[in-house]
Amino acid sequence: MKIFRHGFTRTNFAKQNLNGFTLVEILIAIAVASIVGLFLMSILINNNGVFYKQSSLVNTGLSSNDVMSEIDKNIRQATNVVDTSDSNTMILKLPALGENGMIDNVYDFVIIAKDANKNNILRKKVLPDSLSIRKSEDLVMTTILNSINFIYLDKSGSIVNPQSATSVKTLLVVKSSFGATTSSGSSSAITTLKNAL
């Protein structure tokens, strides 16, 4: 029996090498780890897609609800609608506010319309009378607007010109995008003006 340095015999040396990994075992381990990694990566990517889609739907719904609520509130405060040139713009005439309540025969105006430069933005502008304590305002209501239409109705529900309206039907469509996911939502409401109650 031949003795090598470090006290190994030929048979001991062969047994020592059997305890390590062979090249084939290492390659198999790498292949299995790669397959598991790809599987986990595909799950992660799919979950991100679901997250973005759900976020888009929630954003669309919240924006639509918030805008419709604000429009509804302003219509309920208005005494009448001022004539406008298109169905994408609404000008409301509201009683001016003083220190002790409403001021007789003095009015503030609220304009709700698409932004002149960006069609996806809906703006609300408040133009108060000089006697009113109502604050001037230029508010962005939503940045994901797709379309908005105002239809003016009388008490019987027939379409009339804005000055003759007792209620306003609002049709709102918002559209949001997150990554490759796009979602849209629509809302409609019929709101009665203050003078028609």
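The values are calculated or read from the model by the stated rules, or taken from the named source; none is laboratory data. These numbers were taken from a predicted model, which means no experiment stands behind them. For neighbour counting, all protein chains shown are included, and Cβ atoms are generated from backbone atoms with ideal geometry for every residue, glycine included.
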**Asked** Does the stretch 102-141 hold any residues that are among the β-branched types (Val, Ile, Thr) and either surrounded by fewer than 16 Cβ atoms within 10 Å (Cβ to Cβ) or under 27 Å from the mean Cα position of the chain (by Cα) (or both), and which are they?
**Response** Val106, Val110, Ile111, Ile112, Ile121, Val126, Ile133, Val140
**Request:** Being out of contact with any strand residue (DSSP E or B) (no Cβ under 8 Å at 6 or more places or on another chain) and closer than 25 Å to Ala96 by Cα is the filter here, so list the residues in the stretch 111-130 that pass it.
**Result:** Ser130
**Qualifying positions in the stretch 139-166 - touching a residue at least 40 places away in the same chain (Cβ under 8 Å) and either of a type in the set (Lys, Arg) or on the phi > 0 side of the Ramachandran plot (or both)** = Lys155
**Item:** Unique match (being modelled with pLDDT of 85 or more, in contact with a Phe, Trp or Tyr (Cβ under 7 Å, 6 or more places away or on another chain) and of a type in the set (Lys, Arg)) among Lys93, Lys73
**Value:** Lys93
**Failed item, numbered, when Ile144 is tested on (1) under 30 Å from the mean Cα position of the chain (by Cα); (2) within 20 Å of Thr191 (Cβ to Cβ)** = (2)
**Message:** Condition check: free of Cβ contacts under 8 Å to residues at least 40 places away in the same chain, of a type in the set (Val, Ile, Thr) and closer than 19 Å to Val174 by Cα. Does Ile133 satisfy that?
**Reply:** no
**Message:** Looking at the stretch 65-80, can you tell me whether even one residue there is in contact with an Asp or Glu (Cβ under 6 Å, 6 or more places away or on another chain) and crowded, with 18+ Cβ neighbours inside 10 Å?
**Reply:** no
**Complete:** Asp115 passes all but one of the listed conditions (1) out of contact with any helix residue (DSSP H, G or I) (no Cβ under 9 Å at 6 or more places or on another chain); (2) at pLDDT 90 or above; the exception is number (2)
**Request:** Quick one: Gly20 ticks every box in (1) at pLDDT 90 or above; (2) part of a loop (DSSP other than H, G, I, E, B) except a single one, so which number is it?
**Result:** (1)
**Asked** Do we find that Lys93 is surrounded by 15 or more Cβ atoms within 10 Å (Cβ to Cβ), touching a residue at least 40 places away in the same chain (Cβ under 8 Å) and either of a type outside the set (A, V, I, L, M) or part of a loop (DSSP other than H, G, I, E, B) (or both) in this structure?
**Response** no
